[in-house]
Each structure stands twice: as structure tokens, then as C-alpha cells.
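What follows is a short report on a single structure.
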Amino acid sequence: LFDARVLGTLNHAIVEYMDEEKTRELWNEVFLSYPDHSPKIKMIKLRNDHQMNLNILTLQEVDASSNFNTMSREKYFISHAIHPKIELRGIIDRIDYTDNKLIIIDYKTSALTLSSKKIMAGHQLQLITYALIAKSLFNKDIMGVFYYGFKLPNIKYSTVKYSAAKGIIHNEST
């Protein structure tokens, strides 16, 4: 089943590499399991490529105008930073840094916001945990933790749609 998990994994890799050739290779891997001749998969690919190109441009603009540098994309860790008898493993999507500060960024396929109420209730601890681990690994203070949603809420139109009768229909007004 081609669903949000597949697209999320693909989009994480697209942002990790930010390379057009690698993006083609990643889609070719997807097409080994899902038919690239399917009109619905083609539509999903067209829409996703458009959205991810905009995301990559946005991330590149942020990189160019920021005092922070990217330390790591997809930083795998094994850590006992929170408790010596508890081993945590995971992947921090992105870590940006200055001389003494870190910013932790977690990519999401859908929009997600941090809520202090949810953090205090123990429901949104992923980024806080990543921050504690990164602080321990790199011996730098944490300036902030953020979600970055790949789904662009400011795009109110679809570049393509699918109809069983007509196949892929390109929206000419975009």
C-alpha cells in the first residue's frame, strides 16, 4: 500500500541528499514496489516533486540567510544521556549549530506544532528528548527545537488531479 509512511520516508531522503539525481534514484526504488505506470502513482509523484522542490528551495534560502550551519542530516544515535540504564536509539533529522548553540529540526510529512500543554502531559517528548541527547553528544546548549512540515499549508491548489475517466489532469492555472 502506497501511503503517507512511504512518502514520508522518501521525502526525508530527498531532503537529506537535496540532489536531483539522487531523487530520481529514490523514486526508481519506489517504482520497484509500486507501478510507475499507474496514473495515480504518477500524479502523486508529480505533486510530491513540486512540493518537495519548493521545500528544498525554502531550506536552501534559510541556510543562505542563517548564522547557523548544518551539522548533520539524519544523525543516527545510540545514547544513555537521559538515564544510564535506558538506551535510546533514533535519528535526528537535522542539527544546525553555531559556536555554542544547537537547533534541532524534525521533518514531518504533515503539519505539526509543539504544544507546551502536550509536552507537560508527556505527549510530545520526541524533540525534547532529541535536544537532551544532542546537548550531551555535542556539548552545546540548545537554542530551540522545531518541526518542519513538508506539506505546504500555503499552497491552496493542486497542481494535478486524478480522474478514473480522464487520468491525470494538469491544473493550467498554477
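The values are calculated or read from the model by the stated rules, or taken from the named source; none is laboratory data. Source: prediction; values computed, not measured. Heads up, the Cβs are rebuilt from the backbone with ideal geometry, glycines too, and the neighbour counts pull from every protein chain shown. Just so you know, the surface numbers come from the protein's heavy atoms only, side chains and all, with ligands and any DNA or RNA stripped out. Shrake-Rupley method; radii C 1.70, N 1.55, O 1.52, S 1.80 Å.
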Quiz item: Among LEU54, ILE168, ALA134, which residue has its Cα positioned farthest towards the positive end of the charge dipole of the chain, with +1 placed on the Cβ of Lys and Arg, -1 on the Cβ of Asp and Glu, and the dipole taken about the Cα centre?
Solution: ILE168
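In percent, how large is the relative contact order of segment 75-141, given Cα pairs closer than 8 Å and 6 or more residues apart?
On the way: 68 pairs, mean separation 19.1, N = 67.
Across segment 75-141, relative contact order equals 29 percent.
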Quiz item: Are there trypsin sites (Lys or Arg not before Pro) in segment 41-129 that DSSP marks as loop and that have at most 11 other Cβ atoms within 10 Å, and which are they?
Solution: LYS85
Quiz prompt | CD proxy at 222 nm, helix term only [per DSSP H run n ≥ 4: -39500 (n - 2.57); per residue of the chain; nearest 500] | solution = -13500 deg cm²/dmol
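Which of rounded, prolate, oblate describes segment 47-89, given a ≥ b ≥ c as roots of the alpha-carbon gyration tensor eigenvalues and a/c under 1.5 marking rounded, otherwise prolate only if a/b is larger than b/c?
On the way: a/c = 5.09, a/b = 2.05, b/c = 2.48.
It is oblate, given that a/c is not under 1.5 and a/b is not larger than b/c.
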Self-check item: Per residue, in Å², the accessible surface of segment 1-67 once ligands and nucleic acids are set aside, probe 1.4 Å
Solution: 62 Å²
Quiz item: Which whole-Hz ³J(HN,Hα) couplings does segment 66-73 yield from phi under the Karplus relation 6.51 cos²θ - 1.76 cosθ + 1.60, θ = phi - 60°, glycine and proline marked x?
Solution: 9, 7, 8, 10, 7, 7, 7, 10
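Holding the Cα-Cα limit at 26 Å, pick out from LYS22/LYS45; LYS75/LYS101; LYS75/LYS117; LYS101/LYS151 the pairs that are longer than that.
Working: LYS22/LYS45 15 Å; LYS75/LYS101 17 Å; LYS75/LYS117 28 Å; LYS101/LYS151 28 Å.
Table pairs above 26 Å Cα-Cα are LYS75/LYS117; LYS101/LYS151.
Would you mind calculating the relative contact order of the chain from Cα pairs under 8 angstrom and at least 6 residues apart, reporting the percent as a whole number?
On the way: 212 pairs, mean separation 36.2, N = 174.
Once divided by the residue count of the chain, the mean separation gives 21 percent.
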Quiz item: Scanning the chain for helices, which whole DSSP H stretches are 27 Å or more long along the axis (Cα) and average -0.5 or more by Kyte-Doolittle?
Solution: 39-65
